[in-house]
């Protein structure tokens, strides 16, 4: 039987590892951006933990990297357990996209654990992956040219739903947020959960914020006059993001989190996560994710 107390001795550390408070931002949150991470909060004295541990490790091995298993000893990592408000063990927490998304206390049977993973789109990975197709060459057309071209394609092939997602993205580049929203709302479920669709929705959030927002200069004046004016700082960050100043925008949102993490029902954290979904620079996003995590945990 697999030993839940020393997972690294039984399974590859790439699949199962011990998570610590110090390493949590990089080892768990950052890794969950690309691969879901299931956190197992346990303790050596906990009988149900010792029953659950081997089942989790068996699944980690069977799923072959479709998710990672992070073991947190609540006795050794009390700060981390407190941050997640762990009141009983075992407790499982699933992280995806750099944040906790679901979890539950107790030792569920294997069938229910599999069902939980399936609900979050996690299925066993094949032992070998098919080679990725060659990347498409960059599109040198202007945003409006892409919109016109996609309209023509949809007219000739109206049943191809993927073209509607392409058009929604292109419309965002031209500032046509209303039609883009309508197209995104009309996507079938499979496409609506696509990473591209989620990113387009995140872009729409910022576009809608700026519909009746003050000019950038006015916002900068308000923030300079009162650094605690988080409403102005939020809009200023949105203007910076839309204007292509990703790092400056993240800086504004991070300062909001530093000033008042609970402001407007957790808006600083939400703004950061929405910005992460828009920005294509993984190094920049990773750096600010770590800073965000250091403030939250």
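Could you count how many residues in the range 271-289 are surrounded by fewer than 14 Cβ atoms within 10 Å (Cβ to Cβ) and assigned to a helix (DSSP H, G or I)?
2
Quick check, is residue 185 within 24 Å of the chain's Cα centre (by Cα), under 21 Å from residue 289 (Cβ atoms), exposed (fewer than 13 other Cβ atoms within 10 Å of the Cβ) and free of Cβ contacts under 8 Å to residues at least 60 places away in the same chain?
The answer is no for residue 185.
Please find, among 257, 273, the residue that is in contact with a strand residue (DSSP E or B) (Cβ under 7 Å, 6 or more places away or on another chain), under 24 Å from residue 80 (Cα atoms) and outside the structural domain of residue 77 (by TED's automatic domain parsing).
273
Answer yes or no as to whether residue 196 is in a helix (DSSP H, G or I), surrounded by fewer than 16 Cβ atoms within 10 Å (Cβ to Cβ) and touching a helix residue (DSSP H, G or I) at 6+ places or on another chain (Cβ under 7 Å).
yes
Return yes when residue 134 is in a loop (DSSP other than H, G, I, E, B), at pLDDT below 90 and more than 30 Å from residue 65 (Cβ to Cβ) and no when it is not.
Against the criterion (in a loop (DSSP other than H, G, I, E, B), at pLDDT below 90 and more than 30 Å from residue 65 (Cβ to Cβ)), residue 134 does not qualify.
What about residue 233, is it modelled with pLDDT of 90 or more, in a helix (DSSP H, G or I), under 23 Å from residue 177 (Cβ atoms) and touching a helix residue (DSSP H, G or I) at 6+ places or on another chain (Cβ under 9 Å)?
Judged against the criteria, residue 233 is a match.
The values are calculated or read from the model by the stated rules, or taken from the named source; none is laboratory data. Quick caveat, the model's predicted, so the values are computed rather than measured. A quick note on method: Cβ atoms are made from the backbone with ideal geometry, for glycine too, and the neighbour counts reach across all protein chains shown.
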